[in-house]
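Below is one structure, written out as structure tokens, with a few remarks after it.
The values are calculated or read from the model by the stated rules, or taken from the named source; none is laboratory data. Values in this document were obtained by computation on a predicted structure and should not be read as measured data. Reconstructed Cβ throughout: ideal geometry from the backbone, glycine too, with neighbour counts over all protein chains shown. Calculation scope for accessible area: heavy atoms of the full protein, side chains included, ligands and nucleic acids excluded. Shrake-Rupley method; radii C 1.70, N 1.55, O 1.52, S 1.80 Å.
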Amino acid sequence: MIKKIYRNTFLILLFTLLILCVLPKNSVEARTQLNFSTQDYEEEIGRERSNANQRRYPFKPNDIKISSPRLIKLSSGRFQLSYDFGYPISEGGASRFLEYRIKVSKELSNAISGINIVPIGAKVDNKPGRNNEHFNFSDRISFDSDGQKVFSSGAYLEDGYNGGEATINIRLNGTFINEKSYLSSYMLSDTEYNRPVWPSFQAVRNLNYNNFGKLYNSTLLKTEQQDANSIIQNEYSKIKKKLDNSNLSKKIKQQITNELNQIRKNYTNRINSQSKFENKTLSTIENLTNQSVKDMNNALNKTYSLSIINIPSLNFKEALIDSEKLLLETDSSQNVAVNYFSPNNSTASNWNISLSVSDLYFNNHALKASFLFKNQIYAPNTTFTFHNDKYTHNGNYSITKTPKEGVRLLVNPGIALNGTYSGKATWTISESPVS
């Protein structure tokens with residue numbers, strides 16, 4: 001019984017050993033039609049080489065390198081993701097083909113506007129090889145067995161070089177990269193000769209989100225924020241210069257400067273607080289930037305100064321004391337001059353000039369008169385509209401009314417004393433609708 005148990009155990013061990021022996025040396029996850037795999041691999045292509053050649057020209061898998069991706073900002077303002085991939089050239093050998101293929105995940109495809117594969121460090125022979133049906137010498141777009149898009153390019157090397165490298169340039173749209181995104185890079189180095197002196201091989205290297213996506217997303221966000229802040233600052237400087245060079249009073253300039261600074265600070269803080277790598281973040285930054293520019297210009301557009309630069313004296317003519325009502329006109333036309341100034345001078349404004357006249361006194365004796373304007377009688381200290389108009393551009397405006405058109409004095413009988421009466425006229429200018 002004991003012998004039987006040992007024999008069965010031996011057979012099981014032998015069977016397990018046989019299984020291990022038949023597994024391929026470079027076993028990797030199932031490959032696609034174009035030899036991509038989610039697992040990195042490298043392997044010599046099945047060409048027998050002599051032991052002497054293997055010792056003299058060994059295949060060194062560790063020499064297959066893929067560099068850390070680097071970001072380059074293009075003149076368009078977009079970014080290019082670039083990295084080097086390949087096997088360094090060392091010595092000449094049999095005529096050799098190189099082919100590079102780049103596959104992007106479906107999550108990444110919408111973020112890419114173009115891919116360029118540039119073989120480097122090799123003397124490229126423009127004369128095609130005999131087997132150009134098998135090897136790809138021009139940029140090509142195809143689809144792998146899993147339906148994913150593949151970009152490829154290749155070269156035929158003069159005098160044959162051992163391997164080769166390429167720079168992969170991937171132009172990116174201004175969108176964030178999804179965390180599930182990946183890049184898979186494949187290379188093939190082969191020869192037309194049946195018994196190559198140099199190793200022929202293929203290899204795959206994969207890059208995931210942590211290798212390139214996080215770098216790009218953080219750089220994109222920071223760049224968009226910096227660009228937005230620059231737009232806001234430039235607009236602020238332009239408006240501030242216009243404000244400083246205007247004819248506005250120092251007090252008004254300071255008030256508007258404070259308002260502009262508050263707008264700039266508010267929007268800059270809101271833009272800089274954006275942190276999510278989502279495309280709606282970019283829309284938010286753009287909207288905040290546009291609104292900040294609008295708000296700063298609105299602050300300037302609503303700014304104006306309006307002042308009365310000339311008022312009439314309202315000297316009424318002398319008259320004899322009479323037993324009937326007296327209606328007295330001024331001895332000259334009534335002229336009011338105003339100045340309107342807006343830094344942007346972009347919108348017409350409606351202005352109202354009002355007047356209030358106190359009672360008239362002589363030796364503390366009140367005349368108890370009234371004022372007649374446009375057939376309307378006003379008691380002393382009553383405010384009424386003298387003129388209402390729309391001013392359409394910067395400058396001085398003059399309003400002139402003849403003695404019959406202007407303010408007239410209405411004196412009741414039996415009140416006036418023999419003397420000169422005087423009082424106070426208050427002129428006010430303000431924004432209001434045209435009546």
Problem - Test: Leu320 is more than 19 Å from Trp427 (Cα to Cα) and open to solvent by less than 40 Å² (accessible area, probe 1.4 Å) - result: no
Problem - In the stretch 90-113, residue modelled with the lowest pLDDT [restricted to those that are assigned to a loop (DSSP other than H, G, I, E, B), open to solvent by 50 Å² or more (accessible area, probe 1.4 Å) and over 21 Å from Thr167 (Cβ atoms)] - result: Glu91
Fill in the blank from the handout: Considering residues that are at pLDDT below 95 and either part of a helix (DSSP H, G or I) or among the polar types (S, T, N, Q) (or both), the number found within the stretch 197-207 is 2
Handout entry: Residue match in the stretch 283-290 (condition: open to solvent by 40 Å² or more (accessible area, probe 1.4 Å), among the β-branched types (Val, Ile, Thr) and within 28 Å of the chain's Cα centre (by Cα))
Key = yes
Exercise for the section: Please indicate, with yes or no, whether at least one residue in the stretch 313-335 is under 21 Å from His393 (Cα atoms) and either at pLDDT below 85 or not polar (S, T, N, Q) (or both). Expected result: no
Problem - Residue that is nearest to Asp359 (Cα to Cα) [pool: residues in the stretch 291-317 that are open to solvent by less than 40 Å² (accessible area, probe 1.4 Å) and touching a strand residue (DSSP E or B) at 6+ places or on another chain (Cβ under 6 Å)] - result: Leu314
Handout entry: Tally of residues being out of contact with any Ser or Thr (no Cβ under 7 Å at 6 or more places or on another chain), hydroxyl-bearing (Ser, Thr, Tyr) and not in a loop (DSSP other than H, G, I, E, B) across the stretch 166-189
Key = 3
Exercise for the section: Would you mind stating whether Asn211 is part of a helix (DSSP H, G or I), within 30 Å of Glu165 (Cβ to Cβ), more than 20 Å from the chain's Cα centre (by Cα) and at pLDDT 90 or above? Expected result: yes
Exercise for the section: Kindly indicate whether Leu410 is of a type outside the set (Ser, Thr, Tyr) and either in a strand (DSSP E or B) or open to solvent by less than 40 Å² (accessible area, probe 1.4 Å) (or both). Expected result: yes
Completion exercise
Within the stretch 241-273, the residues that are under 30 Å from Gly395 (Cα atoms), assigned to a helix (DSSP H, G or I) and hydrophobic (A, V, I, L, M, F, W, C) are Leu243, Ile252, Ile256, Leu260, Ile263
Fill in the blank from the handout: Screening Asp40, Asp84, Asp63 for residues that are touching a Lys or Arg at 6+ places or on another chain (Cβ under 6 Å), at pLDDT 80 or above and either exposed (fewer than 13 other Cβ atoms within 10 Å of the Cβ) or within 30 Å of Ile177 (Cβ to Cβ) (or both) leaves only Asp40
Exercise for the section: Please list, ordered by first then second residue, the pairs with beta carbon atoms under 7 Å, 6 or more apart or interchain, first in the stretch 205-219 and touching a residue at least 24 places away in the same chain (Cβ under 8 Å) and closer than 23 Å to Gln274 by Cα, second surrounded by fewer than 17 Cβ atoms within 10 Å (Cβ to Cβ) and not charged (D, E, K, R). Expected result: Leu215/Leu71; Tyr216/Leu71; Thr219/Leu71
Practice task
Please work out which one of (1) open to solvent by 30 Å² or more (accessible area, probe 1.4 Å); (2) more than 58 Å from the chain's Cα centre (by Cα) is the condition His387 fails and give its number.
Solution key: (2)
Completion exercise
Note on the stretch 214-237: residues more than 15 Å from the chain's Cα centre (by Cα), surrounded by 15 or more Cβ atoms within 10 Å (Cβ to Cβ) and closer than 16 Å to Ala111 by Cα are Leu215, Tyr216
